[in-house]
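Here is the structure we will look at, set down as structure tokens.
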Amino acid sequence: SSSSSSSSIMKKRKGLAKYNPVFDLVWQGYHVSVTSVLGHIMNMDFKESRYAIGGGGWGSVDPKLLFGAKVHKLIPKDMLKTVENIKKEAQRCSHVILFLDCDREGENIAAEVAAACVQANPSLGVENRIARAFFSSLSPNEIRKAMRMPGRLKYEFAYAVDARREVDLRLGAVFTRWQTLLLKDFLRKFSGEGRGVIALQPCNNSLKNKKSMSNVVSYGPCQLPTLGFIVQRYLEIRNFTSKPFWKLCLQHKQQRGGGGVDKSCIKSSFLSSSPTNCKNTTFTTTKKKRWMPSVAQQQQPKAAETARIDGRGGSFNKEDDDDDKEEEEEEE
């Protein structure tokens, strides 16, 4: 940011990356430029090309060697424009405030962005010119508070994520290559059959003459539990047996000539009624399906809760507000 006394109207302009525009505004006398990233801007891979992911050396490298191979972080091709966009904006800034997710993963991304900024503008690396914003919601008050009281980047959290990513890389690369090469013949044998039991055995033979496979039996510490959830849900849906259920709906007929009906009177009448006084007039059968909620429907509760935290009230469900009012009236 740089000192400025121009209007506080926010303006949007195109960035170097297609999905990372830049917003210019004035905040407390400073010109502020705001841009974004698309998650991690750096990937972790093996340093030597023969070990690297997609390097094509599966048949010439024993997977066990990957446990000790050196790793490094690099910018993938699909993130080059995003990094260029960050560097371009960093060159004209005197300070940087990092607004990334307030968790370990966000701290790691913030550290990657900070490194790109310092690389483009070394002056940002001194005198604590790169700060970290901490916030719990996207409400205006919370964002202003985070801007006024930024903290420091927690590199210990960022390094913890790097360690986790390295473990994921080594385990994923080793076991994916090992079981893909090991199960190659088994998969071909049982591909035409409905079922088959495959026993995993240590791979003692040399891998130098193995050819790379187009079909990969992938392994990952994160994807396996996720796959388990998907399979579990699939089995629940497949084995689900629909059962009929009934719901009672009570209707009250108001006498002619009457105006409004007192709420307490209706409640007492309902509580004093018995099944012998009720008469079934209609019987209807309906079939309903529950669809997965859309993205917009998922965002409504978040928006409503943000409004409540910010003190602006509001609700994503009008009935909730009405229920709250009724409860307050009853307490009075």
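Summary table below
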quantity: Summed residue charge, Cβ within 11 Å of Phe46's Cβ, Lys/Arg positive, Asp/Glu negative; calculated: +1
quantity: Label-point gap, in nm, between Arg188 and Glu156 - each point 7 angstrom along Cα→Cβ; calculated: 5.3 nm
quantity: Length added when fully stretched, Trp27-Arg13, from 0.36 nm per residue minus Cα-Cα; calculated: 3.3 nm
quantity: Efficiency of FRET between Asn128 and Ile75 - r from beta-carbon atoms, R0 22 angstrom, step 0.05; calculated: 0.30
quantity: Label-point separation, Arg92 to Ala163 (7 Å along Cα→Cβ), nm; calculated: 4.1 nm
quantity: Listed peptides 131-141, 66-76 by packing density, highest first (mean Cβ within 10 Å); calculated: 131-141, 66-76
quantity: Integer Hz, Karplus 6.51/-1.76/1.60 couplings in order for the range 121-134, x for Gly and Pro; calculated: 9, x, 5, 6, x, 10, 6, 6, 7, 10, 10, 10, 8, 10
quantity: Long-range HN-HN contacts of Ile97 with modeled amide H, under 5 Å; calculated: Ala131
quantity: Cβ-Cβ FRET estimate between Trp246 and Asn43, R0 fixed at 45 Å, reported to 0.05; calculated: 0.20
quantity: Solvent-accessible area per residue, Å², over the range 1-142 with all protein chains present [probe radius 1.4 Å]; calculated: 58 Å²
quantity: Around His95: net Lys/Arg minus Asp/Glu count, Cβ-Cβ under 11 Å; calculated: 0
quantity: Ordering of 224-233, 16-25 by packing [mean C-beta count within 10 Å, highest first]; calculated: 16-25, 224-233
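The values are calculated or read from the model by the stated rules, or taken from the named source; none is laboratory data. Quick caveat, the model's predicted, so the values are computed rather than measured. Virtual Cβ from ideal backbone geometry, glycine too; neighbours counted across all protein chains shown. For the accessible areas, the whole protein counts, side chains as well, though only heavy atoms, and no ligand, DNA or RNA atoms are used. Shrake-Rupley method; radii C 1.70, N 1.55, O 1.52, S 1.80 Å.
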